[in-house]
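Could you have a look at this structure, given as structure tokens, before my questions?
The values are calculated or read from the model by the stated rules, or taken from the named source; none is laboratory data. What you are looking at is a predicted structure, and each value in this text was computed from that prediction instead of being measured. Methodologically, a virtual Cβ is constructed for each residue, glycine included, from the backbone with ideal geometry; neighbour enumeration extends over all protein chains shown.
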């Protein structure tokens with residue numbers, strides 16, 4: 001225990017990137033669930049990157065002689081289709097593999113858009129305060145007053161159904177969380193000595209906000225971004241299930257669930273496997289978020 005407790009202390013004395021990364025990995029790897037989530041997430045990235053090489057068939061390829069074929073291990077199944085086929089004869093495994101691309105792209109786009117807008121607004125609100133803070137935060141309060149899915153459906157009704165509209169709507173819904181978190185962090189950092197010293201040295205407000213203060217506020221934002229990544233996948237899948245997100249025949253997991261819900265009693269696999277894919281992906285990313293929180297939050301680091 002003595003060696004374990006002195007390792008982070010020794011690393012923290014070295015300001016190099018390698019030492020900081022080693023300290024981060026020390027705390028992150030202590031959370032075994034986070035490591036398992038990271039491994040599974042990297043596996044998903046690999047699957048998404050090499051989907052055309054991994055998938056046995058194309059996502060839209062139909063086999064009219066193999067409608068609702070069960071998985072290979074079930075009676076009536078075929079080794080041609082390891083996870084079975086759907087109602088129009090498309091290979092379920094291939095569609096799940098290609099659906100990984102959509103899910104990761106959805107998470108990355110929604111999180112990037114929500115984080116970028118939320119950070120900019122939060123920095124301005126926390127730095128300038130006054131009427132700027134009041135206007136921004138009251139707008140965010142209005143957004144938070146609506147149930148997230150309901151507000152997303154209203155925005156989709158304005159923009160029109162589709163995957164792009166669903167991603168933009170979810171990004172707008174997630175933005176207040178980043179605004180409030182950034183505002184609180186900026187208000188805390190603004191009064192510190194290094195910021196006062198930069199002001200005395202003549203640094204302009206934009207430089208103070210985005211070059212001096214913001215880098216020291218990123219740890220909680222990274223954790224929030226990770227959690228928003230998983231929530232984005234879940235919410236866009238929910239919109240797809242309501243036929244307001246990705247439209248058929250797109251191999252997006254929520255849309256696959258919507259297409260197959262009428263077969264839930266006589267073809268369990270067409271509903272179960274997309275649902276399991278969503279479950280495992282969201283769980284893995286949430287576990288990663290817990291590990292990032294443990295590694296980046298100084299209050300949680302054991303001395």
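Might you let me know whether the range 23-44 holds any residue that is outside any helix (DSSP H, G or I) and within 30 Å of residue 250 (Cα to Cα)?
Within the range 23-44, not a single residue is outside any helix (DSSP H, G or I) and within 30 Å of residue 250 (Cα to Cα).
Please work out which one of (1) out of contact with any helix residue (DSSP H, G or I) (no Cβ under 6 Å at 6 or more places or on another chain); (2) buried (at least 18 other Cβ atoms within 10 Å of the Cβ) is the condition residue 149 fails and give its number.
(2)
Select from the range 172-215 the residues that are in a helix (DSSP H, G or I), free of Cβ contacts under 8 Å to residues at least 40 places away in the same chain and within 13 Å of residue 127 (Cβ to Cβ) and list them in ascending order.
The answer is 188, 189, 195, 198, 199, 206, 207, 211, 212.
The rows are residues; the columns are (1) part of a helix (DSSP H, G or I); (2) in contact with a strand residue (DSSP E or B) (Cβ under 7 Å, 6 or more places away or on another chain); (3) closer than 17 Å to residue 85 by Cβ.
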{"residue": "238", "(1), (2), (3)": "yes, no, no"}
{"residue": "247", "(1), (2), (3)": "no, no, no"}
{"residue": "259", "(1), (2), (3)": "yes, no, yes"}
{"residue": "282", "(1), (2), (3)": "yes, no, no"}
{"residue": "287", "(1), (2), (3)": "yes, no, no"}
{"residue": "295", "(1), (2), (3)": "yes, no, no"}
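Of the residues that make up the range 277-293, is at least one under 12 Å from the mean Cα position of the chain (by Cα), in contact (Cβ under 8 Å) with a residue 12 or more places away in the chain and closer than 20 Å to residue 156 by Cα?
no
Name the single residue, out of those in the range 163-179 being surrounded by 16 or more Cβ atoms within 10 Å (Cβ to Cβ) and more than 25 Å from residue 218 (Cβ to Cβ), that is modelled with the lowest pLDDT.
Step by step, filter the range 163-179, then rank; the result is 163.
Here's a follow-up. Check residue 59 against each of (1) modelled with pLDDT of 90 or more; (2) more than 27 Å from residue 180 (Cβ to Cβ); (3) surrounded by fewer than 20 Cβ atoms within 10 Å (Cβ to Cβ) and name the one condition it does not meet.
Every listed condition holds for residue 59 apart from (3).
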